[in-house]
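Read the structure below first, then the notes.
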Amino acid sequence: MTPVRILSGAVSKFGELWDVSPRDLVKEVVQKALTEAGLTTSSIDGVFVGNMLAGTLGNQDHLGAFFSEELGIFRGSISVEGACASGGLAVHSGVMAILSELYHHVLVIGVEKMTDHKPEDVAKGLMGAGSSAERESGATFPSLYALMAVAHMEKYGTTEEQMAAVSVKNHFHASLNPNAQFHTPITIEQVMKSSCIASPLKLLDCSPITDGAAAIILSKNKTKNEISIIASSVETDTLGVAERESLTSLASSVHASKEAYAQAGIKPSDIDVAEVHDCFSIAEILAMEDLGFFQKGEAAEAIFEGKTKLGSKKLVVNTSGGLKASGHPVGATGVKQIVEIYEQLKGKAGKRQVDGAKIGLTHNVGGSGATAVIHILRRN
């Protein structure tokens, strides 16, 4: 794939932002991105907005025009929805727009405001990404991922303590990230003693409800010390888990990653740092195997042993804290992942910097795996 340059990236604080509106969140990150890129709004040819729940929770479906008006950019603004992969799909759309050569500078925004609403309304909105049968049976995403966890435990011997280690690692990374929702490290014992949500998943196995926004600016122009997107791939699967061949793998992630590696001309072993979709602790374990970083059944033990933690000489995963600890404002997550890898490759990640990082990967999932978006970034 022809490289697409990232000129800038910005992330808001993630968390329960009661006094901040979606307008404020977007204006903040867009201004930061424009300033870093040395551009003004008049330089932007198109805007892609990743969001899932604004229509369901905020009664505003027309986000492209909404933020076009807010930002004063009227050259084309499009809203992109793909459940929790909305941000990743917005980035993919921006990449395609640059590659089409119809656009020179594209602004990609991801935003979500979730904490202003009742938890039951948020849960219902999120299940809009599930199948009709799952909704009719009363299933929620914690229960669906719990099914995957049980299947993985039965097939590969994965333990609850190994799943807990995912959360422990990501909370440690988040403690080094000033924009993360949570800054307090946790222990395996704390995860194990936290309330059961959907057995075997506990409260501290699950990502939180979060507000936040992120933005990047893409360009066809070459820059000094450039960071480029060298692969952008999307694959889909059935909406419901019952129709799939396996509960211990997301086929969409497998196929999307293979396509992305082929586009980039690299192997999984070439990746230095990755942001993967850890909506639940079992989801990161599945991702580590589906993306080719570990053989099936081996990721849980590797994470437990610290092989993906900051300081690892092979691969560091979810330096931002991941969805689990950095937070999961669903429409913003996929864009935030890009910003995190961009900052890692620029050497701007501060205390969570991965030494010598040259190639990074992002993995953004919609629903229980019905959509998977993979991006690969490289420092030239």
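The values are calculated or read from the model by the stated rules, or taken from the named source; none is laboratory data. Predicted, not measured: the structure shown is a model, and the values here were computed from it. Cβ coordinates were reconstructed from backbone atoms using ideal geometry, including for glycine residues, and neighbour counts include every protein chain displayed.
Residue by residue through segment 114-138, note down the ones that are among the polar types (S, T, N, Q) and closer than 19 Å to N51 by Cα. Listed by number, the list holds a single entry, T115.
Residue-wise test of (1) out of contact with any strand residue (DSSP E or B) (no Cβ under 7 Å at 6 or more places or on another chain); (2) under 15 Å from C279 (Cβ atoms); (3) aliphatic (A, V, I, L, M); (4) free of Cβ contacts under 8 Å to residues at least 40 places away in the same chain.
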residue: E154; (1), (2), (3), (4): yes, no, no, yes
residue: G157; (1), (2), (3), (4): yes, no, no, no
residue: E161; (1), (2), (3), (4): yes, no, no, no
residue: F172; (1), (2), (3), (4): yes, no, no, no
residue: A180; (1), (2), (3), (4): yes, no, yes, no
residue: H183; (1), (2), (3), (4): yes, no, no, yes
residue: T187; (1), (2), (3), (4): yes, no, no, yes
residue: L203; (1), (2), (3), (4): no, yes, yes, yes
residue: C206; (1), (2), (3), (4): no, yes, no, no
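Restricting attention to segment 287-313 and to residues that are modelled with pLDDT of 95 or more and charged (D, E, K, R), the residue that is nearest to K169 (Cα to Cα) turns out to be K309. Taken over segment 73-111, the criterion of being more than 20 Å from the chain's Cα centre (by Cα) and under 18 Å from S8 (Cβ atoms) is satisfied by I73, A97, I98, Y103, H104, H105. Within segment 291-300, identify whether any single residue is part of a loop (DSSP other than H, G, I, E, B) and of a type in the set (F, W, Y), and answer yes or no. Checking segment 291-300: at least one residue is part of a loop (DSSP other than H, G, I, E, B) and of a type in the set (F, W, Y). Residue count for segment 133-149 under the criterion of being more than 24 Å from the chain's Cα centre (by Cα) and either crowded, with 17+ Cβ neighbours inside 10 Å or touching a residue at least 40 places away in the same chain (Cβ under 8 Å) (or both): the result is 1. Here the condition is being buried (at least 17 other Cβ atoms within 10 Å of the Cβ), in contact with an Asp or Glu (Cβ under 9 Å, 6 or more places away or on another chain) and free of Cβ contacts under 8 Å to residues at least 60 places away in the same chain; of S249, S253, S257, S281, it holds for S249 alone.
Residue check: S131 meets all listed conditions (1) at pLDDT 95 or above; (2) closer than 20 Å to A213 by Cα but one, namely (2).
Is there a residue in segment 328-336 that is of a type in the set (A, V, I, L, M, F, W, C), assigned to a helix (DSSP H, G or I) and touching a Phe, Trp or Tyr at 6+ places or on another chain (Cβ under 9 Å)? Checked segment 328-336: at least one residue is of a type in the set (A, V, I, L, M, F, W, C), assigned to a helix (DSSP H, G or I) and touching a Phe, Trp or Tyr at 6+ places or on another chain (Cβ under 9 Å).
Where strands (runs of 3 or more DSSP E) fall entirely within segment 180-285, those with at least 2 residues that are over 26 Å from K346 (Cα atoms) are at 196-198, 227-236.
The condition of being surrounded by 24 or more Cβ atoms within 10 Å (Cβ to Cβ), on the phi > 0 side of the Ramachandran plot, among the small types (G, A, S) and in contact (Cβ under 8 Å) with a residue 24 or more places away in the chain holds for only one of G367, G356, G350, G334, that being G367. Every condition in (1) surrounded by 20 or more Cβ atoms within 10 Å (Cβ to Cβ); (2) of a type outside the set (K, R); (3) within 14 Å of I374 (Cβ to Cβ) holds for Q263 except the one numbered (1). The numbered conditions (1) modelled with pLDDT of 95 or more; (2) touching a Leu at 6+ places or on another chain (Cβ under 9 Å); (3) not charged (D, E, K, R) are all true for T223 except (1).
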